[in-house]
Structures are given as C-alpha cells and as structure tokens.
Amino acid sequence: MVQIKITKRSVDAVRATSSDQFLWDTDLKGFGLKVTARGAKSYIVQYRMGGRGLPTRRYTIGAHGAPWTPDKARQRAQELLIVAKSGRDPAEEERLQRAADVDLAFDRYVESFVDGYAKRHQARSWKQARSTLRYNAVPRLGSKPLPKISRREIANLLEDVASRRPATSRYLHATLRKLFRWAVSRGDLGSSPMAEMPAPAPPIKRDRVLADEELHRVWAASHQLDFPFGPMLRVLIATGQRREEVGGMRWSELQFEHCMWSIPADRAKNGLIHDVPLNNLAVAELEMLRDELPDFETDSIQNAESVAQSRVNDLIFSTTGTSPPSGWGKAKARLDAVLANERDQPIQHWRIHDLRRTFATGLQRLGIRYEVTEALLNHVSGSRAGVAGIYQRHNWSAEKRTALDAWNTALVQLIENPKLGLTGRAVGKISQLRLENTSEAA
C-alpha cells in the first residue's frame, strides 16, 4: 500500500504507470487517490460496512480538478466515512439519492404538479399553467432536482421572462410558487425557494386602439400574408375573438346554415361555451377556405359536420394537420414589413391583441350596449361578474348578432373608404337591424 500526504503538489507529481495505482493519504485513513494507466486522477474513499472480516468498498468522490481539490475531497471523505460508521452505505445512499433526483426532476415534476394539483384545483386554467411552465421554465431548469434549484435561478428566470413578456412573468411566478408549495406540502421539498419572493411588477396597462386608417391598412396588408395568417387575421378582426381561439377554430365548431361559431368550454379562456354569430366578412373568409377543400361539392355540403367529414383535418388553420398554427410573432413581423413598405410609414407600437381592443372600442363607438360587448368578448367581468352575473342570465344572442352585423357594415365601409371611419351609414344600419330584431321577436 503506497501512502503519501495528498496535497495538490503531490497529486500533480504522480505519473501514470502501466496499471492503475492507488495512493492512500497519511492523515485520513481510507482517503485515497486513484491514477489510471491513462493518467486520469480521481479521489476515492475506502470503507467497510461492519467488522474486519467483511470486504472493503470503494466510493469515487470525483475527478481531480475543479471542483474537487485535495482539501475539498478530504472533507467529503470525512463526511462519507462518518456515514459508513453509522451503518449506512454511502454508495447505496447515493443510488437512492439519484432515484429521488429523477423523481424530483423539474421537468417530470411539472407533469406531476399538473396532474396532481392543477387539474383538480384549476379546472379552467390548468392548460395555461402547463404551457406556461413547459415553454418558460422547463427549457431553463430542465431535469434539475427540485431541492437543487436555487432562489437565484428562479429570480433570473423571472427577470428574463419579464424583459420579454411582463404579464407572462407574473403568471409564471404565481404558477411556480404553487408548484413549490405543493412540493413542500407533499414532503418532497423541505422549503420553497420562492418563500417571500415578491411577484414581478405588473405590466403597464395597454390602451392601444388602432385608428380607423390603421385598421384599414392592416386589413389590406393581411391579403399579402400567406395561409394561415392572412385569413386568420381577417377572421380575428371581423369577430373580435381571441387569437388562440381563432387559431384553433375547427370545422366541427361551425354551423354555416346558422352563421354561427360555437367555441367549446375547453377552448374558451374562461371555461364557458361561447357562441359567436358570424357576420358576412367572417363567413366569406371561411367559405373561401371551405371551397378549397379537396373533392368539395358545394351543393352537397349543408352543415359543419359534413364539412368536417370532407376534410381529414378538422382544424381550419392548421399547417401540420395536428395542431393550431404557431409563429404569430414572425407573421406580425412580415405584416409590419408590408405596412412599412407600402407608404414608408409603419404602424407604430401595436400588437395583435390590440385588434381585439379596437373591436371592443369600435362597438362602443357604434352605440352597442356595454353588456353586449362584454358578451361578445366572453368576459366574466363587469356586467357578468358577482351578483349581477348570478342573476343576469340573458345570453344576448340576438343583440350579439345585431352588433356583429353592424360591425361588419362599419368594417366594409372602412375597407372601402377609410376616411368615413366607423360611423356614417353603419349607425343607420344598427337602427335598421334593431328594428328587424324587434319585428322578429314580436
């Protein structure tokens, strides 16, 4: 048995031989250095589980070099020898720790959290929680075990997301906090790294509404975008619905004979079924896509079910056949390039979501009741929240159709002549539609 005092100088001085070498420290019994025939050096500890008659066991601490210096390796060897003297095998404990680390790997734990907590307690928003964690936290934290995730790592992650998407960073903070609290409650974690961590600052509330001429330009420029983004943008403008809901639209959700689109509860943001009357502009876009279906016979299609049967993919705007389109950011960049080139004058500081706000503001300008606008936006707030929401059960179906038809008239007017804006004969059309609805009701 070769014994040396293990120091940096002595370790560096050891040269490889034709076979593996084991050199043992003179100061700490059981602590040693292994040098392979190829010259690789690693620190080891040798111990027995029981009396002298039992075989020795070896545990590799780590390779020589950062982070394992002789002093750090010796300190680790002392800890492992204490574990062995207490009757616990360091190698077995490491194996169990590796298994625990796999079970507590962040990417796997996200799925456990979604199944065990979010689906039970966040019935309306568990999908949003899952996607937020998958797309923002998992790429950064990967399979790192929960106990090894530091407060600094979480803070850096939230700061990075906040620099790009402030609202998302706040939601991510809330979701991660629930995940770590759930882990603590189950005994998987001793304490949360997010304890007392303040939420990111709320984003500056946006109030951007496109001017009439800007909306006219966006509609016109959308025709220079290829499928699916050009048609999607126009349906979004015509209906005022959410980007994700339009992108995920299915043929089976449409009733062409009734000019109606029914968004199921599992696709609506607030978890409530949402019926959207389709005005002429929306129907025209969808019929154009329907007419491009392979082997399509216009006279044989009477309803949404047969439309869906004539198409292998039920998703209207899918380019993959299996999922809604992604890449809104790139599509917006292409649209901005078109807008900038047409007059050397881009539309400043606008987002796709501003089209929904423009829709709501436009309805108010046209004299549509606030309750009807809320119903069209499918908001559970304002007139539909609290006590009012409990006792106010009117679905505003006729009023919603009137409003969307009036919006259609105003848009057509705007598309043809942006100088007229969202007024003029559109207001007259609203009065006419109200009279027609009143007559039908009577």
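Where a number appears in this text, it was derived from the coordinates with a stated rule and is not lab data. Everything numeric here is computed off the predicted structure, so don't read it as measured data. Neighbour counts run over all protein chains shown; Cβ positions are idealised from the backbone, glycine included.
Rounded to the nearest 500, the 222 nm mean residue ellipticity of the chain from helices alone is -14500 deg cm²/dmol, with -39,500 (n - 2.57) taken per DSSP H run of at least 4 residues.
When you restrict to C-alpha pairs under 8 Å that are six or more residues apart and normalise by the size of the chain, the relative contact order lands at 10 percent. Loop exposure criterion: GluC sites (Glu not before Pro), DSSP state outside H, G, I, E and B, at most 14 other Cβ atoms within 10 Å. Applied to the chain, the longest stretch between such sites is 1-195.
The lysines whose alpha-carbon is closer than 28 Å to the alpha-carbon of K72, local same-chain residues fewer than 8 away aside, are K5, K8, K29, K34, K41, K85, K144, K148. Of the chymotrypsin sites (Phe, Trp or Tyr not before Pro) found in region 55-146, not one falls in a DSSP loop while having at most 12 other beta-carbon atoms within 10 Å.
Straight-line cross-link partners of K330 among the aspartates and glutamates, defined as a Cα under 16 Å from its Cα and at least 8 positions apart when in the same chain: D226, E244. Ranked by how many other Cβ atoms sit within 10 Å of their own Cβ, fewest first, the residues I316, I415, I368 fall in the order I415, I368, I316.
The trypsin sites (Lys or Arg not before Pro) found in region 1-51 that occupy coil by DSSP, while having at most 12 further C-beta atoms within 10 Å, are K5, R15, R38. Overall, the anisotropy analysis places region 2-94 in the prolate class: the square-rooted eigenvalues a ≥ b ≥ c of its C-alpha gyration tensor yield a/c not less than 1.5, with a/b exceeding b/c.
Backbone geometry of region 64-79 corresponds, through the Karplus equation with coefficients 6.51, -1.76 and 1.60 at θ = phi - 60°, to 3J(HN,Hα) couplings of 4, x, 4, x, 8, 8, x, 5, 5, 5, 4, 5, 5, 4, 4, 4 Hz, x marking Gly and Pro.
Of K419, K178, K400, which is the most mobile in a GNM of the chain whose springs link Cα atoms less than 10 angstrom apart? Judging by the Gaussian network model, the answer is K419.
For the listed peptides 326-334, 139-147, a ranking on the average number of other beta carbons within 10 Å per residue, highest first, reads 139-147, 326-334. Extension gain, D336 to K205: 0.36 nm times the residue separation minus the Cα-Cα distance gives 44.9 nm. The angle between the Cα long axis of helix 280-291 and the longest principal axis of the Cα atoms of the chain comes to about 70 degrees, rounded to the nearest 10.
Nearest 10 degrees, 0 to 90: what angle lies between the long axis of helix 151-164 and the longest principal axis of the chain (Cα atoms)? For 151-164 against the chain, the angle is about 30 degrees. Put simply, the C-alpha atoms of the chain give a gyration tensor, and the ellipsoid matching it has half-axes of 65, 23, 21 Å, longest first.
With the charge dipole of region 20-131 set up from +1 on Lys and Arg Cβ and -1 on Asp and Glu Cβ about the Cα centre, the Cα lying farthest toward the positive end among the listed residues L104, T36, A63 is that of L104. Residue farthest toward the positive end of the dipole of the chain, with Cβ of Lys/Arg at +1 and Asp/Glu at -1: which of W126, P90, P231? Farthest along the dipole direction, towards plus: P90.
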